[in-house]
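The values are calculated or read from the model by the stated rules, or taken from the named source; none is laboratory data. All values derive from a computational prediction rather than experimental measurement. In this analysis, Cβ positions are derived from the backbone assuming ideal geometry, glycine residues included, and neighbour counts consider all displayed protein chains. Accessible surface is based on the protein model in full, side chains and every heavy atom, while ligands, DNA and RNA are left aside. Shrake-Rupley method; radii C 1.70, N 1.55, O 1.52, S 1.80 Å.
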Amino acid sequence: MYFEWLTSKVIKILFSIVSCTLFVFFARAESDIEQFIKTVSAPSYDCPVPDLIPRLNELLANDELTPLQKYRLSVEQTQHQICIGSLAQAKNSLLSLTQSEYTDRSSDYYADAIYQLAFIYDVSSKVFEACKHYKEAIELANGKYNDIYVSANLGYITECETFTVQEKLRKIYALLDDYSTNRNNGLLAHIHNSLGFVYSEEKFYHLAAEQFLKAHNLGVGVYNGSNRLSILTSAINAYTSSEQYDLAENLLLDYEEINKEVDTLYTNFIYLFSKSRIYAKQEKFAQLKATLDAWKRLDSGIENKIWNAYYKWHEGIWCLHLNDQVCLRALFNDEILDDSGVEKHLRFSSEWNTFKIKAGLALNDLELTKEAINDYFYIEKIVSSEKVKYSNSINITELYGKIQELESKVAFEKKLVSYFGYFAVFGVISVSLIGYILFKRRLIKQREIDPITGLYSPESVVSKISKLQAPAANKAHAIAIFDLANFRDLNRLMGVDKSDLILKEVASTLSTVTREHDILGRLAPEQFILCLTNIEEATAKSFLERVRKALERTFLGGQHGVDANLNSSMSIFIATEKLDDVQTILEDMLVSFTIK
C-alpha cells in the first residue's frame, strides 16, 4: 500500500513539473510571437523591414497561432506584398481578411487593411472603390491611429471629391500643421510627399521636387524597403518633367546606391523606367536602347498592367526613332492598351499623347492621329478649367497642317469628314487654341512669382535679367547670388517643416533692403539672386555687401522657438556690356560656391 501511495505522489509531482514547464514554454513562445508582431509592424505609410519577412512567412505557416495573431501577421504580409508590387496577391488576401469572422472592426489592423485596399484600388485607377475605402479608413482611424488617419486623408484629398488645387493644398498644409509638433519624421515625410504630388499635377515641377526632397530627407533614416526609394523616384521624375536632367541623373545615382540594399523586382523596375524616361526626353537613343534591353531582361513578375504598358510605350519611342512601322503597329494593337485602367492612366499624360500623335503620323494613320489630337484637347479643356499649366505643348497649327498633308498624301477619302464637319473640327481646334493661349498668358503671369517667398520665380528672374539692355556709360549691371550656407543646419535645428518660414524671413529681409527697381528672385531652394541695374561698380559692391550683412542679421528666433541666425555667402558678377548668356554666367557664379 505504501508503495502504491508513493508511486501516486511521484506521478502527481512529475505531472505538475511537466505542466509548469509546458506552461512556461508556451507562454514564452506566445510572448515571443507577440514581440515579433510588434517588431514587424510598420506604419501605414512605410514597409515592413524586408529581413523580417522570412520569419513572418514561417510563423504564418504555424498552425498553433491564435486567429488574432494570424490576422495581424497577415496584414503585415499584405503590406509587404504592396511594397514589392504584388498588388493582386495582396488584394485577394485583404478581401478575405476584412470578411473574416475574427475581424475586430475597432482594431488598428482592420483599419490598416481597409486603407491598404484603398491604396491598391487607387493605384489601379479604380477611383470609386478607392474613395469608398479611404473614407471608411478615415472613420475607423479618427482619434486612434494617426498613421492610418493621415494616410487615408491624404489619399482622399488628392484623389476624391472635386477639390480645387487651392483646397487640396490648404487641407494638406492643415494636416502638416496639426502633426508638425509630434516630430514623427515618417509621418511628416508622407505629408510633404503628398504636397509634391499636388504640385506635380499642376506642372509646378520645381516646387514638387522641393517637397519630394524634403520628404526624402525626412524619411531616409526612417523608412524601410522600397519605401526608401519611392519618394526619391518622385523627385527624379519631377526634375525630369522640368527638364532639369542633370539634377535628375544625380538623384538617380543616389537611387542606385540605396537600391543596392533594397534590390527588389519593383525597385529595379522603377529605376529602369526613370532612366528610360530621362534618355527618351533628351533623345539619347543609344542609352535608351541599352536601358530598354536591361528592362526587358527584368523578370516580368510585377502584377501591374500600367507598368508593363510603360515598358511598351518606351519601346515604342525606340521604334519611332528607327521608323519601324511594324514595331509601332504592334504596340497599338497590343491588348494591354485596351485595358481600362491603362487607357485612363496614359490618356492623362502629355508625353504619351505627344508620342501617340507622332506615331500616328509616322504610320500614316489618320484615325490614330485624330484620336490623339482629341485626347490632347480633352486634357487641355480639363487643364484650363483647373488652371493647370499644361507642359510640353505642341504647335497645333503646324500639327494640323501635317494632318492635311497626310490626308492628301494617303487615300483616306472615305474616312474624311464632310466639308462642314471638317470646318467644324477646325473651328473647335481654333477655339481651343485661342482658349489655351489666353489661359497660358494668365498662367505665365501667375508663374512669375515664387509661391513661398513672393519673389520672382527662378525662370522669371533669369528671363528679366536676360532682357536687360546694355548699361549706360560708366555704369554696370551687378548680379549677386546669395547662398544660405547653414540652411540645412537650420532645418535640422528648427525642423524641416519650418523651412518655408525660414525662406519667407529671408525674402522679407531682402525685400526691405533692396530698391524698388532692383530685380530680386529665388534662384534655387537655398539661393537668392539680386540684380542691380545701371549702377556704379564701386557703389554696387558696397551695396551688395550691406545686403549680405543684413541677411546674416536675420534673426530666426522668437516665434520659431530657437535662437538662430543665417550664415550666407555671396558671389558677384559685374557687367559693363549687355548680358548675352545669363545662364552661363549664373552657372560660373554657382561654381564659386563649390570652390570656397
Name the residues in the stretch 528-542 that are within 24 Å of residue 463 (Cα to Cα) and open to solvent by 30 Å² or more (accessible area, probe 1.4 Å), would you? 534, 536, 537, 541
Looking at the stretch 93-124 only, could you name the residues that are closer than 15 Å to residue 148 by Cα and open to solvent by 60 Å² or more (accessible area, probe 1.4 Å)? 105, 106, 108, 119
Go through 237, 268, 308, 250 for me and flag whichever is open to solvent by 20 Å² or more (accessible area, probe 1.4 Å), part of a helix (DSSP H, G or I), in contact (Cβ under 8 Å) with a residue 40 or more places away in the chain and out of contact with any Cys (no Cβ under 9 Å at 6 or more places or on another chain). 237
Of the listed residues (109, 121), the one being among the aromatic types (Phe, Trp, Tyr), out of contact with any strand residue (DSSP E or B) (no Cβ under 9 Å at 6 or more places or on another chain) and in contact (Cβ under 8 Å) with a residue 24 or more places away in the chain is 109
For the stretch 293-305, name all the residues that are part of a helix (DSSP H, G or I) and either open to solvent by 40 Å² or more (accessible area, probe 1.4 Å) or in contact with a His (Cβ under 9 Å, 6 or more places away or on another chain) (or both). 293, 295, 296, 297, 305
For residue 290, all conditions in the list (1) outside any loop (DSSP other than H, G, I, E, B); (2) exposed (fewer than 15 other Cβ atoms within 10 Å of the Cβ); (3) under 19 Å from the mean Cα position of the chain (by Cα); (4) among the small types (Gly, Ala, Ser) hold save one; what is the number of the exception? (3)
Restricting to the stretch 153-166, and then to whatever is in a helix (DSSP H, G or I) and open to solvent by less than 60 Å² (accessible area, probe 1.4 Å), can you tell me which residue is farthest from residue 46 (Cα to Cα)? 165
Selected residue (only one of 515, 522, 492, 546 is surrounded by fewer than 18 Cβ atoms within 10 Å (Cβ to Cβ), touching a helix residue (DSSP H, G or I) at 6+ places or on another chain (Cβ under 8 Å) and not aliphatic (A, V, I, L, M)): 546
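If you check 115, 102, which single one turns out to be hydroxyl-bearing (Ser, Thr, Tyr) and within 28 Å of residue 219 (Cβ to Cβ)?
Only one candidate qualifies: 115.
Would it be correct to say that residue 316 is of a type in the set (Gly, Ala, Ser), surrounded by fewer than 21 Cβ atoms within 10 Å (Cβ to Cβ) and under 30 Å from residue 88 (Cα atoms)?
No; evaluated as a whole, the condition is false for this residue.
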Restricting to the stretch 67-92, and then to whatever is hydrophobic (A, V, I, L, M, F, W, C) and more than 22 Å from residue 126 (Cβ to Cβ), can you tell me which residue is surrounded by the most Cβ atoms within 10 Å (Cβ to Cβ)? 73
For residue 350, are the conditions met, namely being among the polar types (S, T, N, Q) and either buried (at least 17 other Cβ atoms within 10 Å of the Cβ) or at pLDDT 90 or above (or both)? yes
Taking the stretch 37-51 on its own, how many of its residues are open to solvent by less than 40 Å² (accessible area, probe 1.4 Å), closer than 22 Å to residue 265 by Cα and in a helix (DSSP H, G or I)? 1
When you go through (1) part of a helix (DSSP H, G or I); (2) at pLDDT 85 or above; (3) within 36 Å of the chain's Cα centre (by Cα); (4) over 30 Å from residue 187 (Cα atoms) one by one for residue 506, which number turns out not to apply? (4)
Answer with yes or no whether residue 258 is β-branched (Val, Ile, Thr), surrounded by 21 or more Cβ atoms within 10 Å (Cβ to Cβ) and in contact with a helix residue (DSSP H, G or I) (Cβ under 9 Å, 6 or more places away or on another chain). no
Looking only at the stretch 475-489, filter to residues that are open to solvent by 50 Å² or more (accessible area, probe 1.4 Å) and touching a strand residue (DSSP E or B) at 6+ places or on another chain (Cβ under 8 Å); which one of those is modelled with the lowest pLDDT? 485
Of 72, 105, the only residue that is more than 30 Å from residue 298 (Cβ to Cβ) and assigned to a helix (DSSP H, G or I) is 72
Kindly check whether there is at least one residue in the stretch 140-152 that is open to solvent by less than 30 Å² (accessible area, probe 1.4 Å) and not aliphatic (A, V, I, L, M). yes
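Table: residues versus (1) under 12 Å from residue 576 (Cβ atoms); (2) assigned to a helix (DSSP H, G or I); (3) small (Gly, Ala, Ser).
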site: 451; (1), (2), (3): no, no, no
site: 462; (1), (2), (3): no, yes, no
site: 469; (1), (2), (3): no, no, no
site: 473; (1), (2), (3): yes, no, yes
site: 477; (1), (2), (3): yes, no, no
site: 481; (1), (2), (3): no, no, no
site: 492; (1), (2), (3): no, yes, no
Scan of the stretch 518-539 for residues that are over 24 Å from residue 576 (Cβ atoms) and more than 32 Å from the chain's Cα centre (by Cα), ordered by number: none
Condition first: within 30 Å of residue 184 (Cα to Cα) and modelled with pLDDT under 85. Can you find one or more residues in the stretch 539-553 that meet it? no
Checking residue 196 against (1) touching a Pro at 6+ places or on another chain (Cβ under 8 Å); (2) in a helix (DSSP H, G or I): exactly one of these is not met. Which one? (1)
